[in-house]
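Accompanying notes for the structure given below.
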Amino acid sequence: MKRTNISVFIPHIGCPHRCSFCDQRSISGAAHAPTAEEVAALLEEQAPHLAERGMQAEIAFFGGSFTAVPREYMISLLECAHSAVQKHPQVYCGIRCSTRPDCIDDEIIALLKKYGMTTVELGAQSMSDEVLQMNERGHSAEDVRRASRLIRQSRISLGLQMMTGLYGDTEEFVRLTCREFIALQPDTVRVYPTVILKHTRLGRLFESGEYRSFGFEQTVDLCAELLREFTAAGIRVIRMGLHASQEVEKEMLGGVYHPAFREIVESRLFLNDMKQKLLAMEKGHYMIYTDSRNISRAVGQKRGNIAALAGLGYDVEVKPLDGAYIEVRC
């Protein structure tokens with residue numbers, strides 16, 4: 001059965017800090033805090049549509065820091081989500097939320113467990129205290145470790161979110177975050193290259209010339225490395241790059257954004273693997289066989305991978321072969 005999320009966006013009301021990069025209205029499109037009644041109506045409306053399509057969904061509270069919103073409001077949302085799971089168990093398979101690492105403690109965990117929370121995603125963003133401080137996150141890397149341990153000990157699924165190219169970030173800090181995430185053993189990871197938005201401190205730093213973001217190609221290479229490392233560690237990367245959004249496109253000043261960013265990263269990873277095989281061989285013409293599911297990744301957007309290999313002296317044709325990853329033949 002296919003899985004999806006029914007997303008409920010909670011605006012900035014829960015966040016105790018305004019981070020350098022944050023403009024939740026542009027990112028989520030949400031300015032209105034939904035009432036429990038509105039959420040209940042949404043879930044009731046969506047249930048038959050999900051059932052018709054043979055899909056199950058987690059009810060996902062995203063946007064702000066869910067566990068930092070006023071307690072009465074949070075409980076009202078949890079109650080209506082829990083009721084929907086109980087009423088439509090064939091459709092709603094759980095509840096997930098995103099929050100800050102410093103907004104998780106034993107009391108919060110007990111409350112989330114009471115209402116059937118299945119997944120908590122922590123917006124860690126970086127495991128460099130220097131980067132966290134420069135971007136006014138208001139929490140430390142140790143807060144991420146502590147919150148992650150509490151979530152895992154409670155048997156709630158753990159998700160971690162990171163960003164690349166923040167103010168003060170370096171490639172080595174990104175790799176440090178990757179290593180630290182792997183050590184924390186999350187079930188899932190999301191990777192968001194920094195998008196510089198208007199009306200943020202990061203935007204002002206960018207416009208003044210004090211901050212320069214990572215370049216697009218640099219970010220693609222770095223994210224391909226992250227995808228390889230997380231996958232090798234058995235951690236699912238469930239998102240790379242912000243969702244396609246007219247609000248983001250309208251408000252962005254710079255940074256790295258593409259509606260098909262993950263596909264570009266997967267294609268770069270495939271190119272790197274093809275290079276590794278071909279560079280051990282004489283330059284010339286080769287056939288590369290791969291499973292039909294991988295053809296577009298192998299060829300690359302606008303045949304970019306084929307062109308890149310040609311630039312190295314390898315004239316390649318890509319052909320389908322069931323079950324193959326990269327099989328090179330003369």
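The values are calculated or read from the model by the stated rules, or taken from the named source; none is laboratory data. Owing to the predicted nature of the structure, the values given are computational and were not obtained by experimental measurement. Methodologically, a virtual Cβ is constructed for each residue, glycine included, from the backbone with ideal geometry; neighbour enumeration extends over all protein chains shown.
From the list A244, A233, exactly one residue is hydrophobic (A, V, I, L, M, F, W, C) and either over 13 Å from V195 (Cβ atoms) or in contact with a helix residue (DSSP H, G or I) (Cβ under 6 Å, 6 or more places away or on another chain) (or both). Which is it?
Every option except A233 fails the conditions.
Is one or more of the residues making up the range 287-310 surrounded by 15 or more Cβ atoms within 10 Å (Cβ to Cβ), of a type in the set (K, R) and over 17 Å from A324 (Cβ atoms)?
Scanning the range 287-310 turns up no residue that is surrounded by 15 or more Cβ atoms within 10 Å (Cβ to Cβ), of a type in the set (K, R) and over 17 Å from A324 (Cβ atoms).
Applying the selection to the range 129-150, what residues are assigned to a helix (DSSP H, G or I) and without any contact (Cβ under 8 Å) to a residue 40 or more places away in the chain?
D129, L132, Q133, A141, E142, R145, R149
Out of curiosity, is R155 within 27 Å of K250 (Cβ to Cβ), surrounded by fewer than 20 Cβ atoms within 10 Å (Cβ to Cβ) and modelled with pLDDT of 95 or more?
In short, no.
State the number of residues belonging to the range 90-107 that are part of a loop (DSSP other than H, G, I, E, B), more than 10 Å from S65 (Cβ to Cβ) and not hydrophobic (A, V, I, L, M, F, W, C).
Qualifying residue count for the region: 2.
Looking only at the range 184-223, count every residue that is part of a loop (DSSP other than H, G, I, E, B) and of a type in the set (V, I, T) and tell me the total.
2
Got a sec? Which of S98, S140 is within 18 Å of the chain's Cα centre (by Cα) and among the small types (G, A, S)?
Checking each option against the conditions leaves just S98.
Evaluate the range 97-118: report whether one residue or more is closer than 23 Å to F230 by Cα, surrounded by fewer than 24 Cβ atoms within 10 Å (Cβ to Cβ) and either at pLDDT 95 or above or touching a Cys at 6+ places or on another chain (Cβ under 7 Å) (or both).
Checked the range 97-118: at least one residue is closer than 23 Å to F230 by Cα, surrounded by fewer than 24 Cβ atoms within 10 Å (Cβ to Cβ) and either at pLDDT 95 or above or touching a Cys at 6+ places or on another chain (Cβ under 7 Å) (or both).
Report, by residue number, each residue of the range 35-70 that is surrounded by fewer than 14 Cβ atoms within 10 Å (Cβ to Cβ), farther than 14 Å from I10 by Cβ and not hydrophobic (A, V, I, L, M, F, W, C).
Within the range 35-70, E37, E45, P48, H49, E52, R53, G54 meet the criteria.
Taking the stated definitions as given, is L271 at pLDDT 95 or above, of a type outside the set (K, R) and more than 18 Å from E171 (Cβ to Cβ)?
So L271 fits the description; yes.
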